[in-house]
Amino acid sequence: MAENTEENLLSERVDVVRERMAQACARSGRDVDTVGLIAVSKKFPADIVHDVHRCGVNVFGESRVQEALQKIPDCPGMIDWHFIGRLQSNKVRPVVSTFSMIHSVDSLALLERVEAIAYDEGPRVDVCLQVNVAGEGSKTGVQPDQAEAIVERAQAFNNARLVGLMTMPPFAPDPEDVRPHFAALRALRDTVEQRCGVSLPDLSMGMSHDFEVAIEEGATWIRVGSAIFGKRVVPRHAE
């Protein structure tokens, strides 16, 4: 009974997130099918991933390579895994082999590394370029004025397919306070597309507390953790 209760709670949370997505799309005149939901399963075990998957969620995001590599073999095989955390150069090979999309490529050097490893490993991988639109010193990502040159360089790649931009704005209790950052990423994408003559369809932005605003500003991927899974419990020895 406890397991059923837990799964029911997860199902209710997923339904609430879906409804919030639908309302945000309606407010901005968008089709809800243009926004993808990534369930951020970091620090949650495979059995919980199974439960959320049974609720109709097919895309899951992980941000820690070792945790993901241990967890994924015990999860449903049809899940589409996206890597959303900071990616170290020495972890590129297992990430390229495991994930269909990397949202957090934060430099040209890392993008070139992904291209080289993807060439070796065989599968193409979709990539978003992480942009530090707020200029925060504590956040990684290229500066907005660097994005155009990196996008130009990426056109020569065949295995790391640059499909869009990603950002993580500063946390603000009021989501309206981060709207300008989401709008800035969308505007940057539009400018780069026009100047480079390329298509960058994806904007990865928005999390549990602010994804409605992100959708209203053009997000095509939202990364939702606590609104689906609840609060993460960090073991004392891991703090």
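The values are calculated or read from the model by the stated rules, or taken from the named source; none is laboratory data. None of these values were measured; they are calculated from a predicted model. Positions of Cβ are backbone-derived with ideal geometry, glycine not excepted, and every protein chain shown enters the neighbour counts.
So LYS139 clears everything in (1) within 21 Å of VAL40 (Cα to Cα); (2) modelled with pLDDT under 95; (3) assigned to a helix (DSSP H, G or I); (4) not aliphatic (A, V, I, L, M) except one condition, right? Which one?
(3)
Condition first: touching a Ser or Thr at 6+ places or on another chain (Cβ under 8 Å) and surrounded by fewer than 17 Cβ atoms within 10 Å (Cβ to Cβ). Can you find one or more residues in segment 108-117 that meet it?
Within segment 108-117, one or more residues are touching a Ser or Thr at 6+ places or on another chain (Cβ under 8 Å) and surrounded by fewer than 17 Cβ atoms within 10 Å (Cβ to Cβ).
Can you tell which of GLU12, GLU3 is at pLDDT 95 or above and of a type in the set (Asp, Glu)?
Only one candidate passes the filter, namely GLU12.
Can you tell me which condition SER63 does not meet? The list is (1) among the hydroxyl-bearing types (Ser, Thr, Tyr); (2) surrounded by fewer than 20 Cβ atoms within 10 Å (Cβ to Cβ); (3) in contact with a Gly (Cβ under 9 Å, 6 or more places away or on another chain), and all the others hold.
Status for SER63: all satisfied but (2).
Give segment 148-171 a look and list any residue that's more than 21 Å from ALA118 (Cβ to Cβ), among the hydrophobic types (A, V, I, L, M, F, W, C) and surrounded by 14 or more Cβ atoms within 10 Å (Cβ to Cβ), or say none.
MET168, the sole residue that qualifies.
Only one residue in PRO169, PRO201, PRO173 is at pLDDT below 95 and within 20 Å of VAL35 (Cβ to Cβ). Which one? Step through it out loud before you land on a result.
Details: PRO201 fails: at pLDDT below 95; PRO173 fails: within 20 Å of VAL35 (Cβ to Cβ).
Testing whether each residue is at pLDDT below 95 and within 20 Å of VAL35 (Cβ to Cβ) leaves just PRO169.
With the condition kept exactly as written, say whether any residue in segment 174-194 is in a helix (DSSP H, G or I), crowded, with 18+ Cβ neighbours inside 10 Å and touching a residue at least 60 places away in the same chain (Cβ under 8 Å).
Checking segment 174-194: not a single residue is in a helix (DSSP H, G or I), crowded, with 18+ Cβ neighbours inside 10 Å and touching a residue at least 60 places away in the same chain (Cβ under 8 Å).
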